[in-house]
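J.: Take this structure first; my questions come after.
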Amino acid sequence: MKFLPPRKYQPAANRLFDELKIKIEKAVPYARVEHIGSSSIAGAVSKGDLDIYAGVEAARMKETIPLIEALGFKIKSDSCRIAELCPFEARGHTIDVGLQLVTRGSRFEFFLKFRDIMNSNKKLRDEYNLLKRDSAGLNQEDYRKIKSVFIERVLSCCKFIEMSWFAFFRNVM
């Protein structure tokens, strides 16, 4: 794993998010589209990719999938996919892009909550950056485990998500 300082990737990630948000909102006008992941956290170290949240009502999940695919996103095969969450990826941009199609009101809104907590707490951001720097030599699976423990701690301290969810997340992601 290689991590980049924010100045090396955040400007490009922010520009690409602005471009893709317009396209996604045009194709899926009922979706709540937000920038998530490390590129949405001011000053965060990252792999240099872009993560997007698209929240829709549960009744619209199935109809939304082909609309997202028509934008060049492909369902991510090596990730958790359940009724409330459908992860996508897109290559061919200046940076890799992941999109999380999420049922609004579901436990998967933790993506937004984690972003907001991290943007409001410099101490946690610094700890997160250190965790990433210390994980530079790890493979993706080991890095995800360490990152999941950190996210679990942050969110549980803020009482946003039940602890049982984290055990599920750690095992399927």
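Every read-out reported here was derived from the displayed coordinates using simple, explicitly stated rules and does not represent laboratory data. What you see is a predicted model; the values in this text were computed from it and never measured. Because the Cβ atoms are built from the backbone with ideal geometry, glycine has one as well, and the counts that use them run over all protein chains shown.
J.: So if the hydrodynamic radius of the chain is defined as the Kirkwood radius over C-alpha pairs, what does Stokes-Einstein give as its diffusion coefficient at 37 °C and 0.692 mPa s, in µm² per second?
T.: Roughly 199 µm²/s, to the nearest whole number.
J.: Give the distance, in whole Å, between the Cα centre of region 89-149 and the Cα centre of region 28-78.
T.: Cα centres, region 89-149 to region 28-78: 13 Å.
J.: Only Lys, Arg, Asp and Glu count, each charged at its Cβ (+1, +1, -1, -1), so figure out the dipole size of the chain about its Cα centre, rounded to 20 debye.
T.: For the chain, the charge dipole is close to 340 debye.
J.: Using a Cα-Cα cut-off of under 13 Å, which aspartates and glutamates could be cross-linked to Lys147, ignoring same-chain neighbours fewer than 8 residues away?
T.: The qualifying aspartates and glutamates are Glu127, Asp134.
J.: Another question, then. Filter the cross-link list Lys26/Lys132; Lys2/Lys122; Lys26/Lys145; Lys74/Lys123 down to pairs whose alpha-carbon distance in this structure exceeds 28 Å.
T.: Beyond 28 Å: Lys26/Lys132; Lys26/Lys145; Lys74/Lys123.
J.: Evaluate the Kirkwood expression for the hydrodynamic radius of region 1-95, namely the inverse of the mean inverse distance over all pairs of different C-alpha atoms, and round to one decimal in Å.
T.: So the Kirkwood estimate lands at 14.1 Å.
J.: Loop only by DSSP, 11 or fewer other Cβ within 10 Å of the Cβ. Give me the trypsin sites (Lys or Arg not before Pro) in region 30-120 that pass, ordered by residue number.
T.: Loop-located and lightly packed - Arg91.
J.: On to the next question. For region 48-78, which GluC sites (Glu not before Pro) are both in a DSSP coil and crowded by at most 14 other Cβ atoms within 10 Å?
T.: Glu57
J.: At what distance in nm do the modelled label points of Ala70 and Arg133 sit from each other, each positioned 7 Å from its Cα along Cα→Cβ?
T.: The modelled label-to-label distance comes out at 4.6 nm.
J.: Provide the per-residue ³J(HN,Hα) series for region 132-148, in order, calculated from phi with Karplus coefficients 6.51, -1.76, 1.60 and θ = phi - 60°, each as a whole number of Hz, with x at glycine and proline positions.
T.: 5, 4, 5, 9, 4, x, 8, 7, 4, 4, 5, 4, 4, 5, 5, 5, 4
J.: Which one, Ser46, Ile36, Val56, is farthest towards the positive end of the dipole of region 20-63 when Lys and Arg carry +1 and Asp and Glu -1 on their Cβ?
T.: My answer, from the dipole projection, is Val56.
J.: Could you check what % of the DSSP bridge pairs in region 57-169 are antiparallel, to the nearest 5?
T.: Within region 57-169, antiparallel bridges account for around 100 percent of the total.
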